[in-house]
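A.B. asks: Below you'll find the structure I mean.
The values are calculated or read from the model by the stated rules, or taken from the named source; none is laboratory data. Bear in mind the structure is a predicted one, so any value in this text is a computation, not a measurement. Positions of Cβ are backbone-derived with ideal geometry, glycine not excepted, and every protein chain shown enters the neighbour counts.
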Amino acid sequence: MQEKKVENPANKTPKKANLLDHNSIKHLLDESVTEIVTSKGYPEDVRMSNIRLLIGVIIIVIAVFAQFYNKKFPENQNFLIGCIVLYPLICLIY
């Protein structure tokens, strides 16, 4: 009898992950799904990731601007309140 060898269709070595590390398992699953979907001809859309990065940059700019504003606390109270209100509003966009 001949033994049948099961070959990996992509001729790649199998990926390994530490089973005790949840992040490594998630990363491996994400990579595998991305490879399968892109191999079927669907383009990878990273628009949402880019929007999240842009929102994060806007929030950081607001925080830095509020931290280093020229006036001291009692004088810049309205400005700080505005920054505090803007933070959850910008986070709600996502």
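A.B. asks: Name the residues in region 1-44 that are of a type in the set (D, E, K, R) and either farther than 28 Å from Leu92 by Cα or modelled with pLDDT under 85 (or both), would you? Break it down into steps so the answer makes sense when it comes.
C.D. replies: First pass over region 1-44, keeping only residues of a type in the set (D, E, K, R): 3-5, 7, 12, 15-16, 21, 26, 30-31, 35, 40, 44.
Matches in region 1-44: Glu3, Lys4, Lys5, Glu7, Lys12, Lys15, Lys16, Asp21, Glu31, Glu35, Lys40, Glu44.
A.B. asks: Could you give me the residue pairs with C-beta distances under 9 Å whose first residue belongs to region 35-49 and is within 23 Å of Pro14 (Cβ to Cβ), whose second residue is surrounded by 10 or more Cβ atoms within 10 Å (Cβ to Cβ) wherever it lies, and which are 6+ apart or on separate chains?
C.D. replies: Within 9 Å, the pairs are Glu44/Thr34; Glu44/Val37; Glu44/Thr38.
A.B. asks: Quick check on region 54-76: of everything there that is closer than 25 Å to Leu92 by Cβ and surrounded by fewer than 11 Cβ atoms within 10 Å (Cβ to Cβ), which residue is modelled with the highest pLDDT? Lay out the reasoning, then the answer.
C.D. replies: Step one: of region 54-76, the residues closer than 25 Å to Leu92 by Cβ are 54-67, 69, 76.
Narrowing further to those that are surrounded by fewer than 11 Cβ atoms within 10 Å (Cβ to Cβ): 57, 60-61, 64, 67.
Details: Val57: 90, Ile60: 86, Val61: 87, Val64: 85, Gln67: 79.
My answer is Val57.
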